[in-house]
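Visitor: Dumping the structure here so I can ask a few things about it.
The values are calculated or read from the model by the stated rules, or taken from the named source; none is laboratory data. From a predicted model like this one, the values you see are computed outputs, not experimental measurements. As a convention, Cβ positions derive from the backbone with ideal geometry for all residues, glycine included, and neighbour counts pool all protein chains shown. Only protein heavy atoms, including side chains, enter the accessible area calculation; ligands, DNA and RNA are left aside. Shrake-Rupley method; radii C 1.70, N 1.55, O 1.52, S 1.80 Å.
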Protein chains: 2
Amino acid sequence: MQTKIILPDSEIPKQWYNIMADMPNKPAPPLHPATKQPVGPDDLSPIFPMALIEQEVSDQRWIDIPEDVLKIYTLWRPSPMYRAHRLEEALGTPAKIYYKYEGVSPAGSHKPNTSVPQAYYNKQAGVKRIATETGAGQWGSAMALAGSLFGIDVTVYMVKVSYNQKPYRRIAMETWGAEVFASPTDKTEAGRKILEADPDNPGSLGIAISEAVEDAATHSDTNYALGSVLNHVLLHQTVIGLEAKKQMELIGDYPDVIVGCCGGGSNLAGLSFPFLQDKINGKQLRVIAVEPASCPTLTKGEFRYDFGDTAGLTPLLMMYTLGHDFVPPGIHAGGLRYHADAPLVCQLYHDGLIEAKAYPQTAVFEAALQFARSEGIIPAPESSHAVKAAIDEALRCKEEGKEETILFNLSGHGYLDLQAYADYLEGKLVDYEYPEEKIKEALSRLPQI
Amino acid sequence: MQTKIILPDSEIPKQWYNIMADMPNKPAPPLHPATKQPVGPDDLSPIFPMALIEQEVSDQRWIDIPEDVLKIYTLWRPSPMYRAHRLEEALGTPAKIYYKYEGVSPAGSHKPNTSVPQAYYNKQAGVKRIATETGAGQWGSAMALAGSLFGIDVTVYMVKVSYNQKPYRRIAMETWGAEVFASPTDKTEAGRKILEADPDNPGSLGIAISEAVEDAATHSDTNYALGSVLNHVLLHQTVIGLEAKKQMELIGDYPDVIVGCCGGGSNLAGLSFPFLQDKINGKQLRVIAVEPASCPTLTKGEFRYDFGDTAGLTPLLMMYTLGHDFVPPGIHAGGLRYHADAPLVCQLYHDGLIEAKAYPQTAVFEAALQFARSEGIIPAPESSHAVKAAIDEALRCKEEGKEETILFNLSGHGYLDLQAYADYLEGKLVDYEYPEEKIKEALSRLPQI
């Protein structure tokens, strides 16, 4: 009865898988925020190195992973895949539940899979500093880690309310040597404008993005980095699914259902895209994106062009969106509070290759607790959305008497989210109403394209 | 250039190594606190299952690991061993630095290596509940995890000042289903007595031990569990060193120096004992126990009989001790604040098979930061003592132009200790004077045996 499926270091993928090569319908191109015309490499080169811009638009199926990136990947990759025997037993399900565990990275989530190559390509391009934003801190800490490993400075604009209330990921970033500012700051025009109007503004991810982009655009030695949404970010995450395929092969199994939580969509994409290649080629397989009921981008959003940030400075992307100035309730899964999803995920969802499901947070924490008590690992609140959906699929299999194989992505651990568990255990966690009116309003403010 | 040395699951050790079989001088026997006569199995059976008592006194060289324990070990074992290439480069040392990483366990330290078999043997013996103590919470969370995996209730007496100031490990314990009380409590006579005299008593590990032992002794369905010091605890930890030996063999290397931090001594013992077998048989090898300068048990303590707890309820053990009522300063490495060390470690130190070194905490955190920024992983404050000593050994090699092989135990990660890093980064961390007078006083109060 095998519990853990591991691969030797020699089996770390040497190439990323680019799903653009196989998609039945390519995503619509990003548009310039002012001209509304498709953006070209020149529009992006002030803030991204050319290697990443090329990956962003490439339709080459396989893209080589640089040797220096592979060396760093070895720190935590190949990540383990587990068979959740004890959880299966607790549920009394005939289904087989597997999970790929990305919490083994030094930053505790899947994010370093892309922060490391992003730091590498920027270093190669002679960039001295990377400016980026972070909400609760998962992405910022992954970028800080990568910066420290490649000797590149990192400036993080961290949403002020998280900076003050959740100091631990900030301290982790500082431990890795990054400079962290509570956003809005007085260091950018975007920040100053907001502080003038409202000195006590608690910040938002949208504001922090505007500040980081401005910082990068106005300093020639500085670039910008993003932790999700963009094509090259999802590309880097495919190491997860490529390994999982080998691990499944090793035990002679193949998933009927793949589950990942979905904020911007990068961990879901990372696990599922290499399997979706098979699905596009005719294989039977379901892929489920799991989102919070309070920020139901795929299940309740509209498929249209929208900005990536609140202020409307980024290119317009074709996404399922709730409106770029929609502010979701303050749920504990901070990483899932984005107003839209990656264009690649959205197109695949639109084409019926991905399903979506939304859950309220108390149900998610109930599942997380059952997982922690049977499997040992305390999952991050974001990843717990995938746990919940996997459990529900396993219970469906029990009802239907089916021996399906379920594979989900345990994208991170919950060591830095224990306050959320305390709130749940003390009955303080609330479920928010589906914010229909606010979403309708935010959508009504979108540009018509 | 190999960075990570991993073993397949099939290489998890099937037996623990018992150094009692090979020690040139066996440790003196534990004495009954009242009669001062050697304790027998009957003295221990009210609070320990017979299987563990047998291991405590065994001099059998190899002891089988039960199948059900191996199954759980698979969750995180074999743990990875890393070559610290980037740290070596940063130091400019010809030495090779390796570290065995125990932070991959679900509780984030080496402690589950023993909490899991302890839960197993208690479950086998029909015990329904385990009472234990914890300081900052590393041991308590490992016991809570093990309890949840074997379906055995866990009650943790947590030192009150930590319970209030460091809630995260408490929440982790509760997430795994344990009941956690701020000690001193009104639930035991020991606790009530202390609260009567001083209602605001902040608690201490010694008091918490007294409460847990009393709880176990006064409830027939309840046993007691300890996370360090005792022979059977150190025995269970030898999986670390047994794996490390195989990993060294795999790359054709062997350590010249082995380093581990030392509070009670279990992680140091776990890594070093299997190698010490070779040293006893003539192999060249240094083993260094690293302790905090503010609690310098091996470097400044006396080798004599002392109690394991403050109240003097436990058997008397032959240890290097600072006196059982010595209260070390509140340094951040809470796991190293014990007044003595494991009798096995003490005997080996006494016989010159182990060396010892003490460091003040700011030097330790400086080393931890250098490690985090070059190797990625943020170490626990306890483990950072080993990091510091390993770095110093590597710098000695640089001075002497020697290409020695250094292996240290990175016994846990620092995710739940980030406040300590913040204090260091903000310059708030202080080094305590070596508390010579207090130690002298505490030693003067020891029983003469």
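Visitor: Out of curiosity, is B:VAL327 more than 14 Å from chain A (Cβ to nearest Cβ), part of a helix (DSSP H, G or I), in contact (Cβ under 8 Å) with a residue 24 or more places away in the chain and of a type in the set (A, V, I, L, M)?
Guide: Judged against the criteria, B:VAL327 is not a match.
Visitor: Moving on. Before we move on, is A:ALA144 crowded, with 24+ Cβ neighbours inside 10 Å, of a type in the set (A, V, I, L, M, F, W, C) and within 12 Å of another protein chain (Cβ to nearest Cβ)?
Guide: Against the criterion (crowded, with 24+ Cβ neighbours inside 10 Å, of a type in the set (A, V, I, L, M, F, W, C) and within 12 Å of another protein chain (Cβ to nearest Cβ)), A:ALA144 qualifies.
Visitor: Another question, if that's okay. Could you list all residues from the stretch B:66-88 that are facing chain A (nearest Cβ under 9 Å), in contact with a helix residue (DSSP H, G or I) (Cβ under 7 Å, 6 or more places away or on another chain) and surrounded by fewer than 22 Cβ atoms within 10 Å (Cβ to Cβ)?
Guide: B:THR74, B:ARG86
Visitor: Out of (1) more than 14 Å from chain A (Cβ to nearest Cβ); (2) farther than 24 Å from B:THR3 by Cα; (3) of a type in the set (Lys, Arg), the odd one out for B:LYS398 is which?
Guide: (2)
Visitor: Still on this model: Within the stretch A:45-65, work out how many residues are assigned to a helix (DSSP H, G or I) and open to solvent by less than 90 Å² (accessible area, probe 1.4 Å).
Guide: Start the filter on the stretch A:45-65 by keeping residues that are assigned to a helix (DSSP H, G or I), which leaves A:50-57.
Pick out the ones that are also open to solvent by less than 90 Å² (accessible area, probe 1.4 Å) and you get A:50-53, A:55-56.
Matching residues across the stretch A:45-65 total 6.
Visitor: Filter the stretch A:159-184 for residues that are under 20 Å from the mean Cα position of the chain (by Cα) and away from chain B (no Cβ under 14 Å) and give the result.
Guide: A:VAL159, A:SER162
Visitor: Among the listed residues A:ALA333, A:ALA368, identify the single one that is within 14 Å of chain B (Cβ to nearest Cβ), within 20 Å of the chain's Cα centre (by Cα) and open to solvent by less than 10 Å² (accessible area, probe 1.4 Å).
Guide: Going through A:ALA333, A:ALA368 in turn, just one is within 14 Å of chain B (Cβ to nearest Cβ), within 20 Å of the chain's Cα centre (by Cα) and open to solvent by less than 10 Å² (accessible area, probe 1.4 Å): A:ALA368.
Visitor: Which residues, taken from the stretch B:413-430, are among the aromatic types (Phe, Trp, Tyr) and either surrounded by fewer than 21 Cβ atoms within 10 Å (Cβ to Cβ) or closer than 18 Å to B:TYR101 by Cα (or both)?
Guide: B:TYR415
Visitor: Quick test of your reading of the structure: A:ASP42 fulfils all but one of (1) at pLDDT 95 or above; (2) in a helix (DSSP H, G or I). Name the failing condition by number.
Guide: Failed condition: (1).
Conditions tested, residue by residue: (1) modelled with pLDDT of 95 or more; (2) over 17 Å from A:LEU410 (Cα atoms).
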site: A:ASP200; (1), (2): no, yes
site: A:LEU205; (1), (2): no, yes
site: A:ALA208; (1), (2): no, yes
site: A:LEU235; (1), (2): yes, yes
site: A:GLU243; (1), (2): yes, no
site: A:MET248; (1), (2): yes, no
site: A:ILE251; (1), (2): yes, yes
site: A:CYS261; (1), (2): yes, no
site: A:GLY265; (1), (2): yes, no
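Visitor: Ok, one more. Does the stretch A:1-39 hold any residues that are open to solvent by 30 Å² or more (accessible area, probe 1.4 Å) and either within 14 Å of another protein chain (Cβ to nearest Cβ) or part of a strand (DSSP E or B) (or both), and which are they?
Guide: Selection gives A:MET1, A:GLN2, A:ILE6, A:PRO8, A:ASP9, A:SER10, A:GLU11, A:GLN15, A:PRO38.
Visitor: Among (1) more than 14 Å from every other protein chain (Cβ to nearest Cβ); (2) more than 18 Å from the chain's Cα centre (by Cα); (3) not in a strand (DSSP E or B), which single condition is B:TRP139 missing?
Guide: It is condition (2) that B:TRP139 fails.
Visitor: To continue, here is another question. Let me spell it out: the conditions are (1) of a type in the set (Ser, Thr, Tyr); (2) open to solvent by 10 Å² or more (accessible area, probe 1.4 Å); (3) assigned to a helix (DSSP H, G or I); (4) touching a strand residue (DSSP E or B) at 6+ places or on another chain (Cβ under 9 Å), and B:THR362 meets all of them except one. Which number is the exception?
Guide: All conditions are met except number (4).
Visitor: Next question, about the same structure. Is at least one residue of the stretch B:440-449 crowded, with 21+ Cβ neighbours inside 10 Å and either in contact with a Gly (Cβ under 9 Å, 6 or more places away or on another chain) or within 14 Å of chain A (Cβ to nearest Cβ) (or both)?
Guide: Looking for residues that are crowded, with 21+ Cβ neighbours inside 10 Å and either in contact with a Gly (Cβ under 9 Å, 6 or more places away or on another chain) or within 14 Å of chain A (Cβ to nearest Cβ) (or both), one finds none in the stretch B:440-449, hence no.
Visitor: Scan the stretch A:402-432 residue by residue and report those that are aromatic (Phe, Trp, Tyr) and closer than 17 Å to A:GLY376 by Cα.
Guide: A:PHE408, A:TYR415, A:TYR421
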